[in-house]
1. Near the amide H of A:V480, under 5 Å away, which other amide H atoms are found, from residues 5 or more places off or on another chain, if H is placed in the peptide plane?
2. Can you give me the Cα centroid spacing of the stretch A:173-232 and the stretch A:490-526 in angstrom?
3. In nm, to one decimal, how far is the modelled label at A:R223 from the one at A:R465, with both set 7 Å along Cα→Cβ?
4. Could you give each residue of the stretch A:554-562 its phi-based ³J(HN,Hα) in whole Hz, using Karplus coefficients 6.51, -1.76, 1.60 with θ = phi - 60°, and x for Gly or Pro?
5. Among A:G54, A:L13, A:Y193, which residue has its Cα furthest toward the positive end of the charge dipole of chain A, with +1 on Lys/Arg Cβ and -1 on Asp/Glu Cβ?
6. Roughly speaking, what is the centre-to-centre gap between the stretch A:319-365 and the stretch A:379-409 when only Cα atoms are used, to the nearest Å?
7. Sort A:L434, A:L341 by Cβ crowding within 10 Å, fewest neighbours at the top.
8. Taking the Cα centre of the stretch A:175-301 as origin, sum charge times position over the Cβ atoms of Lys and Arg (+1) and Asp and Glu (-1), and report the length of that vector in debye to the nearest 20.
Amino acid sequence: MRHITNHEIAGLLNEMAVLYDMEGVPFKPRAYEKVAQNVEALDREVADIYKEGGVEALRREIPNVGEGIARHLEEILKTGTFGELKKYKKKVPVKLDELMGIGGLGPKSIRTLYVKLKIKNVKELERAARANKISKLPHFGAKSQEKILKGIAFSKKHVGRFLLGAVDPIARVIEERLKRVSGVGHVTTAGSYRRRQETIGDIDILVSIRGQATSVSGLATKRIMDAFVHMPEVARVLAHGPTKSMVRLKSGIQCDVRVVPEQSYGAALQYFTGDKTHNVETRKIAIKKGLKLSEYGLFRGKRMVAGRTEEEVYRALGLKWMEPELRTASGEIEAARAGKLPKLIPYGSLRGDLQTQSNWTDGNNSIAEMARAAMAAGLEYIAITDHTRSLAMTGGLDERGLARQGKEIDAFNREFTDDSSQFTVLKGTECNILKDGKLDLADSALKTLDLVCVAVHSHFNLSEREQTERIIRALKHPLVNILFHPTGRKIGKREPYAVDISKIIRAAAQYGVALEINAAPERLDLKDLHIREAVEAGAKLVIDSDAHAAAHFKWLDFGVAQARRGWATRADVLNTLPCEGFLKTLRGLKKR
DNA sequence: GCCGTTTTCGGCCCGACTGTTTTCAGTCG
């Protein structure tokens, strides 16, 4: 049986949902989407569940899977796809993933474009739009055509890059595979992956061979390269040489491996980790000192003066070693020379998570399940922050719903104070900021909560002035503690709404509101530059997973990475504090 | 297609916005 991941299975189910939508089939699309979401959030492989208990186990273990979808899942596990999907694909044979990625295009429009103009992919879509053919279709007009062209331009900017959150698990698996090859010394993924950038262009892995100090060759290097190009993740081998191989992975991303001598390993790491500008700067410093810096080492004439470790290379340049996240030529070199590098917030240092959604609204899991998952992830507290009433699609809570939820949280906490483990569930909300900057819940309800968090979920296209004023009005509210995902962007999908983020940062500092760094791989909002601005303005930060399922707590470190790239220290991030101290500090901000 | 049940069929989060229309279809959250 061919191995197929949960992510791939979810992809197929989502595709089916879109195809049903196209044909106007009622209700089935939502059913498939639900299962896709549940599969994605599962903490074990669908393949394993099936292996253990067959179709019955699939129905039992995966919510919303019934007779029909269980059969499809079985077929997917055996053949990689399923008949119903193939049947519908034949009706509208278009590149769905491509076309659905264009903002404003949905299933119905894609179907019309295919039926009327035989448009199958983005290239043909662009050609038709430029030839002014789309504006003439029924229910399309000049504005829709314009919007499509804008959507294409936006998606082009992001082509070829992958979310860190999507690349991370793949890179880890490959690193592990390479480490198991006999004779292998170090294995490190360098590049934008090591800098923990939001998106990754390709995976660059550096490998050394034990005992090969000054040059690389022979059986050991051949073994590692052979192992690399024959990995099950590989779709196509682009190059297969003795010291460098390149492959295209099934997930679409390119992955390169280089074998370097142990003596040059630090220099190679340095060379392949910094971004272009950082490397230009460091090489200039070398030149000034009469040295030459390359991926093979730091040289004076032919003599190598450093190269085995990064520390050695930086020290020889008169610099302190610096964290990979800082290496973007944005002040880190000056700081390293002056010994004034920030002490970045360490990975794994978060004790709480202030944005989690439960099945009271659009989350997958109960409050108790979320709490247990958070405990397992090493956290000491979480806030349950379900949506509020004006976000109708999630079944947002009104004052009465929130009060009922509060009772469930109280009951859970009572149960757990008896327990030896110390864990607290805080009462929170992700309260909508209404169009005029007022909040979606009455103060009387907000007062019953441990913390009040607010967010924009509607009216994305106000003018910058209106949007900024709207948000600041919410920040001024005396009960508001945290602003969630402050710019609303979704990487590669949606631009941030027009907002003067500097004004928001200053207002947050002034009115004692913490700004969120949302760690969800697709959001990572605030972004690095804004984090740095917030740190400099003295605004406080929190890092949240925005978990909608128990499995999402693993995202927190992506938020920490983002904070690190924004030069944030432990002291800047409030949820590095234990629960009591966190609440005290958060409330203290309002009184200043 | 799934779920829940007053079990084997009826209901399925819904409201706003946009651009197309002149009463609504499609998309988004």
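Bear in mind these aren't lab numbers, they're just calculated from the coordinates by the rules spelled out. Since we're looking at a predicted model, the values are computed, not measured. Ideal geometry is used to build each Cβ from the backbone, glycine not excepted, and the neighbour counts take in all protein chains shown.
1. Correct list: empty.
2. The stretch A:173-232 and the stretch A:490-526 have Cα centres separated by 37 Å.
3. 7.0
4. 5, 6, 3, 5, 5, x, 5, 4, 4
5. Farthest towards the positive pole: A:Y193.
6. 29
7. Details: A:L434 17, A:L341 20.
Going from sparsest to densest Cβ surroundings: A:L434, A:L341.
8. I would put it at about 320 debye.
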